[in-house]
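Enquirer: The structure is given below, and queries will be raised subsequently.
The values are calculated or read from the model by the stated rules, or taken from the named source; none is laboratory data. What you see is a predicted model, and the numbers here were worked out from it, not measured in a lab. So basically every Cβ, Gly included, is an ideal-geometry build from the backbone, and we count neighbours across all protein chains shown. Ligands, DNA and RNA are stripped out before the accessible areas are found, and what is left, the full protein with its side chains, is counted by its heavy atoms. Shrake-Rupley method; radii C 1.70, N 1.55, O 1.52, S 1.80 Å.
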Amino acid sequence: MSTGDGVAGQWGGTDVHFGEEGGRLTYGSYLRLPQLLDQQRLESDPPAHDELLFITIHQVYELWFKQVLHELTASRDAMLAGELWLAEHLLRRVHTIERVQTQQVDILETMTPQDFGEFRHRLSPASGFQSVQFREIEFLSGAKDPSFVRRFRGLTEAETARLHRRLDEPTLWDAYLEVLRKAGFDTDSEDSVRHALRKVAGDRSQYAAIWELAEALLQHDELAAAWRARHVVMVERMIGTKPGTGGSSGANYLRSRLDLRYYPLLWNLRTAL
């Protein structure tokens with residue numbers, strides 16, 4: 001039954017109310033659902049059934065990339081401010097998101113090569129290689145590559161500015177080195193950083209927060225590598241050795257990125273322990 005601006009009733013014997021606040025803010029308006037659900041525009045004609053899945057998965061990835069950038073930026077800033085507990089907490093959240101990103105490949109693989117082939121030709125020259133947010137994550141994590149900005153001509157002015165800003169600002173590794181410096185370690189050379197890392201690893205009772213932060217950075221690195229490995233296998237399963245829609249070498253390019261490590265000194269530390 002109606003009660004003013006709201007609607008009351010019973011579900012399973014429990015009183016429920018909808019719109020008690022006069023409809024000033026609703027679930028849909030808060031999340032901007034009409035705008036969000038209008039963004040899945042198919043290019044195929046007639047519509048290919050699996051194109052909606054393809055678009056949805058990649059839009060979800062970009063939303064997660066946005067969140068990851070939000071958390072990584074805040075984690076870096078927390079390290080620079082000496083708030084090590086907060087920096088680690090935010091990195092742990094990123095780890096959970098990264099696991100979800102890898103698991104999402106399973107959904108994409110419910111699409112067969114034949115299904116993908118129905119609309120793949122409509123994607124050219126668009127390519128996942130062009131994801132600006134993904135490049136921002138790599139730059140912020142420590143793998144800065146100015147050549148990407150020079151090579152990619154489809155960037156908007158705003159996207160170019162964002163990437164240049166990421167190239168100019170401190171990385172997560174820069175922030176971690178600042179943590180070591182504040183703890184009294186010399187970080188002027190790779191050898192001095194190696195010595196500092198061995199000291200931290202050898203005395204975890206004294207340097208517990210610094211050690212756990214290093215482990216959180218390494219976990220971020222490992223999960224990023226796991227996503228790249230899962231991604232390349234999915235691409236090979238879907239299109240074999242065909243070139244990418246954006247003109248890249250497809251799976252061959254992706255395989256060339258499998259050895260990328262954000263924090264090689266943290267990996268090398270394992271050999272010294």
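Enquirer: Among (1) 137; (2) 212; (3) 129, which is the computed volume of the Cα convex hull per residue in Å³?
Expert: Step by step, volume of the Cα convex hull per residue in Å³ for this structure corresponds to label (2).
Enquirer: As a check on your grasp of the helix formula, calculate [θ] at 222 nm for the chain: sum -39500 (n - 2.57) over DSSP H runs of n ≥ 4, divide by the residue count, round to the nearest 500.
Expert: Mean residue ellipticity, 222 nm, calculated: -19500 deg cm²/dmol.
Enquirer: Under the rule of at least 5 residues apart or a separate chain, name every residue whose amide H is placed under 5 Å from the amide H of Gly142.
Expert: Placed amide hydrogens put Leu172 under 5 Å from Gly142.
Enquirer: How big is D, in µm² s⁻¹, for the stretch 148-248 by Stokes-Einstein at 10 °C and 1.306 mPa s if Rh is the Kirkwood radius over C-alpha pairs?
Expert: So the translational diffusion coefficient is about 93 µm²/s.
Enquirer: Something else about it: Under the rule of at least 5 residues apart or a separate chain, name every residue whose amide H is placed under 5 Å from the amide H of Gln40.
Expert: Amide H to amide H, under 5 Å and 5 or more residues apart or across chains, Gln40 pairs with nothing.
Enquirer: Further, regarding this structure: With charges set only on the Cβ (+1 for Lys and Arg, -1 for Asp and Glu), what does the dipole of the chain come to about its Cα centre, in debye to the nearest 20?
Expert: With Lys and Arg at +1 and Asp and Glu at -1, about 840 debye.
Enquirer: According to a simple spin-label model (label point 7 Å from Cα along Cα-to-Cβ), what is the distance in nm between Leu258 and Ala225?
Expert: 1.2
Enquirer: Could you state the accessible area per residue of the stretch 63-119 in Å², with a 1.4 Å probe and every protein chain left in place?
Expert: 49
Enquirer: May I pose another question? For the chain, build the charge dipole from Cβ charges (+1 Lys, Arg; -1 Asp, Glu) around the Cα centre, then report which of His58, Ile97, Val232 sits farthest towards its positive end.
Expert: Val232
Enquirer: Residue separation times 0.36 nm, minus the C-alpha to C-alpha distance between Ile107 and Arg153: what's the value?
Expert: Here the answer is 13.4 nm.
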